1. Considering only the stretch 133-146, how many residues are touching a Ser or Thr at 6+ places or on another chain (Cβ under 9 Å) and open to solvent by 70 Å² or more (accessible area, probe 1.4 Å)?
2. Go through (1) without any contact (Cβ under 8 Å) to a residue 24 or more places away in the chain; (2) open to solvent by less than 50 Å² (accessible area, probe 1.4 Å) for Pro122 and report which single condition fails.
3. Can you spot a residue in the stretch 144-155 that is at pLDDT 95 or above and touching a Gly at 6+ places or on another chain (Cβ under 8 Å)?
4. Check every one of the helices (runs of 4 or more DSSP H) wholly within the stretch 73-174 and list those with 2 or more residues that are more than 15 Å from ligand 1 (Cβ to nearest atom).
5. Where residues in the stretch 21-46 are hydroxyl-bearing (Ser, Thr, Tyr) and more than 8 Å from ligand 1 (Cβ to nearest atom), which of them is nearest to Ala67 (Cα to Cα)?
6. Does the stretch 35-67 hold any residues that are among the charged types (D, E, K, R) and surrounded by fewer than 20 Cβ atoms within 10 Å (Cβ to Cβ), and which are they?
7. List pairs: first in the stretch 227-250 and under 12 Å from His191 (Cβ atoms), second open to solvent by 100 Å² or more (accessible area, probe 1.4 Å) and within 12 Å of ligand 2 (Cβ to nearest atom), Cβ under 9 Å, 6+ apart or cross-chain?
8. Assess whether Asp68 counts as being within 21 Å of Phe120 (Cα to Cα), outside the structural domain of Ala187 (by TED's automatic domain parsing), near ligand 1 (Cβ under 10 Å from one of its atoms) and not β-branched (Val, Ile, Thr).
Amino acid sequence: MNGPIYNRVALIGLGLIASSMYWAIKRAGVVGEVTGYARSQATRDTARRIGLCDRVCDSAAAAVEGADLVVLCVPVGVMGQVAAEIAPALKPGATVSDVGSVKRAVITAVEPQLPDDVHFVPAHPLAGTEHSGPESGFAELFDNRWCLVVPVNGTAETPIAQLQSFWELLGANVEIMDPDHHDLVLAVTSHTPHLIAYTMVGVADDLRRVTDSEVIKYSAAGFRDFTRIAASDPTMWRDVFLSNKDATLEILGRFTEELFALQRAIRTGDGEHLHEYFTRTRAIRRGIIEAGQDTDAPDFGRAKAKE
Ligand SMILES: NC(=O)c1ccc[n+]([C@@H]2O[C@H](COP(=O)([O-])OP(=O)(O)OC[C@H]3O[C@@H](n4cnc5c(N)ncnc54)[C@H](O)[C@@H]3O)[C@@H](O)[C@H]2O)c1
Ligand SMILES: O=C(O)C(=O)C[C@]1(C(=O)O)C=C[C@@H](O)C=C1
């Protein structure tokens, strides 16, 4: 590529995703200057101390001034408020994007706040960890992960294609998706699983208090995976559930039905039902590993065998 993909990028909200984006941008060397803004003075001080962003600004308006791409990296519940704050300072022709885990609610909140002379191209990188804040980011977070770009009706092709190239340069594989479909898919693959993990860890904690047993101390690996997920940021996840209410409730309803069926099978001793069910779910896990989408899973020598 000859020259930067955007001359100036502004990151609003300097947590896990923004900091990972900054380090990935630096690794790729594809942006002229990256400005940053976070609401709290403490976060801005930390960002300055660790060299996160080329320039940290003390207002959102100052950070977006002259930016060709502005990315909202704040919890989904405050996206509309932040869009209203930056709107008067946006450069005509700029692209405004976001990284929110929910898309329809963010579009509804942000779109009306923006002036007509900017392009709004929502997106969602499907990569994260249970950590948050400016010191939690790393350049490799998006490598070989999906980033879903979710354009709104009527957006010109060029800003969409440019944002797609930007995310590819940060290491992601990009797909275009409709907002409602996005919210339903993510309710299945991310939002409901998080709710289940939060619940399971809560139940274990309650039990520990009731029985004074050592549920957490002797927790097995499976339960430890639940505790990792349940350690995710409370503000972020509160906002996800309140913003993706319908899809999450729909999937939770289905989940509850299946859970009752399994409960019944256990009560009635229906081993065949349990075995068939677990065989089906095992095949799903194997499919994910074979598609190369679980970078944490041991490959048991398959990579070597393929050489
Ligand atoms: N953590 C993940 O796994 C993950 C993955 C993909 C997308 N996302 C989405 O990315 C966004 C950011 O998540 P994160 O994990 O980076 O969160 P984070 O908590 O690490 O960072 C959020 C940042 O936003 C700042 N902030 C909050 N309210 C603000 C406001 N009104 N104005 C300015 N700054 C404000 C916070 O101070 C913090 O610096 C969320 O919308 C989340 O849904 C998260
Ligand atoms: O790996 C994790 O810790 C995550 O939960 C990341 C995860 C996910 O559910 O996969 C969480 C929320 C997002 O919006 C995207 C990714």
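1. As a first pass, look at the stretch 133-146 and keep what is touching a Ser or Thr at 6+ places or on another chain (Cβ under 9 Å): 133-145.
If we keep only those that are open to solvent by 70 Å² or more (accessible area, probe 1.4 Å) as well, we get 135, 138, 140, 144-145.
Matching residues across the stretch 133-146 total 5.
2. The number of the failed condition is (1).
3. Scanning the stretch 144-155, I find at least one residue that is at pLDDT 95 or above and touching a Gly at 6+ places or on another chain (Cβ under 8 Å), so the answer is yes.
4. Details: elements: 79-86, 104-110, 157-169.
In the stretch 73-174, 157-169 are the helices (runs of 4 or more DSSP H) which contain 2 or more residues that are more than 15 Å from ligand 1 (Cβ to nearest atom).
5. Filtering the stretch 21-46 for residues hydroxyl-bearing (Ser, Thr, Tyr) gives 22, 35, 37, 40, 43, 46.
Going one step further and asking which of them are more than 8 Å from ligand 1 (Cβ to nearest atom), we end up with 22, 35, 46.
Working: Tyr22: 15, Thr35: 8, Thr46: 23 Å.
Among residues in the stretch 21-46 that are hydroxyl-bearing (Ser, Thr, Tyr) and more than 8 Å from ligand 1 (Cβ to nearest atom), the one nearest to Ala67 (Cα to Cα) is Thr35.
6. Our first condition is that a residue be among the charged types (D, E, K, R); within the stretch 35-67, this holds for 39, 44-45, 48-49, 54-55, 58, 65.
Residues satisfying the conditions are Arg39, Asp45, Arg48, Arg49, Asp54, Arg55, Asp58, Glu65.
7. Close Cβ pairs (under 9 Å, with a partner that is open to solvent by 100 Å² or more (accessible area, probe 1.4 Å) and within 12 Å of ligand 2 (Cβ to nearest atom)) amount to Ser232/His131.
8. Details: within 21 Å of Phe120 (Cα to Cα): yes; outside the structural domain of Ala187 (by TED's automatic domain parsing): yes; near ligand 1 (Cβ under 10 Å from one of its atoms): no; not β-branched (Val, Ile, Thr): yes.
For Asp68, the condition - within 21 Å of Phe120 (Cα to Cα), outside the structural domain of Ala187 (by TED's automatic domain parsing), near ligand 1 (Cβ under 10 Å from one of its atoms) and not β-branched (Val, Ile, Thr) - is not met.
The values are calculated or read from the model by the stated rules, or taken from the named source; none is laboratory data. Every value quoted in this text rests on a predicted model; they were computed, and no experiment measured them. Neighbour counts run over all protein chains shown; Cβ positions are idealised from the backbone, glycine included. We work out accessible area using only protein heavy atoms, side chains counted, and drop any ligands, DNA or RNA first. Shrake-Rupley method; radii C 1.70, N 1.55, O 1.52, S 1.80 Å.
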